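What follows is calculated from the coordinates using simple rules that are stated; it is not laboratory data. Since we're looking at a predicted model, the values are computed, not measured. Here Cβ is always computed from backbone atoms with ideal geometry, including for glycine, and neighbour counts include all displayed protein chains.
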Amino acid sequence: MRQRMVVENLSERTIISYQNGPKQLIRYWNLPPEQIDSDQILTYLVHLKEEKKQSRNTMRIAVNGIRYLYKHFLGRPEICDEIPYPKAERYIPQVFTGAELRLLFNNVTNLKHRTLLKLIYSAGLRRGEACNIRLCDIDAKNMQIHVRGGKGKRDRYVMLANHLIEELREYIQKYQPKEYLFNGRHKGTQISASAIRWALCQALKREGITRKLNIHSLRHSFASHLLSMGVNLMVIRDLLGHYDIRTTMIYLHINYRMKSDVVNPLDKMFPVL
């Protein structure tokens, strides 16, 4: 199964995710997969939803892996038709306000963490993309960053903020990264996703920000703030590396929620004197 996915050029993250679904299904029933029928698969999925309280996205990955196994390796494509696909959940992501970000960035004393968090926000990066940024990807001459192998293995160029140029130079001079822009525990290795998460969690805790915000919230904030500045939605889509414009349109709902200058029509009819 892994060999086929490698040949299909799926990302390592997708391969691991797709393998996990069938593994957990087999462990749940303690049976080889060819002896597991569609009713048992449904029972397992109900277990994930009701007992494990897993999200739609997590269940979707499990279903994709199970479908992949039965279609390509067990010769039972009919089972794929009997496995329901989890219905999409509609949610509006949390974003930072400008004031929160200013406070956050100003009070992060660790130069590496401050540069890292500013870069993620100002370029709209995913966490994995931030881990993978190499020194050679920073193009200060053209004020852009080359993001290689983003989601769907798609490359793109994103903006490099003028504000970050001096800070990046200071950071590189102090930490002297070799290949990756942000080192892991050893020079030449990339920073881990958990280290990035920890850096933000410490900053949030220091400022007493208790809302459910995470690294991806920086990316959401970048897109939302661009939209509020009047940047075209298609441009934002390209900067974020979205395949479908409908994914980008979620930021229209965020900005509508955040607008404070919209007057309710009932209040306009009956103004407070």
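Summary table
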{"item": "Candidate aspartates and glutamates - alpha carbon under 16 Å from residue 87, same-chain residues fewer than 8 apart omitted", "result": "50"}
{"item": "Overall Cα dimensions of segment 1-126 - principal axes, largest extent first, Å", "result": "59, 34, 23"}
{"item": "Estimated 222 nm signal from helices in the chain, with DSSP H stretches of n ≥ 4 weighted -39500 (n - 2.57), rounded to 500", "result": "-16500 deg cm²/dmol"}
{"item": "From the coordinates shown, Rg/Rh (Cα atoms, Kirkwood Rh) corresponds to which of [x] 1.04; [y] 0.97; [z] 1.00", "result": "[x]"}
{"item": "Ordering of 191-201, 1-11 by packing [mean C-beta count within 10 Å, highest first]", "result": "191-201, 1-11"}
{"item": "Eligible lysines near residue 178 by straight Cα distance, threshold 30 Å, same-chain separation 8 or greater", "result": "112, 118, 141, 151, 153, 187"}
{"item": "Distant-in-sequence amide H partners of residue 134 (H built 1.01 Å from N, under 5 Å)", "result": "181"}
{"item": "Likely footprinting exposure, 70, 28, 91, fewest C-beta neighbours within 10 Å first", "result": "91, 28, 70"}
{"item": "Relative contact order for segment 94-219, counting Cα pairs under 8 Å that sit 6 or more residues apart, in percent", "result": "32"}
{"item": "Inter-label distance, nm, simple model (7 Å from Cα along the C-beta direction), residue 249/residue 179", "result": "4.2"}
{"item": "Relative contact order (%) - criterion: Cα under 8 Å, at least six apart; region: the chain", "result": "16"}
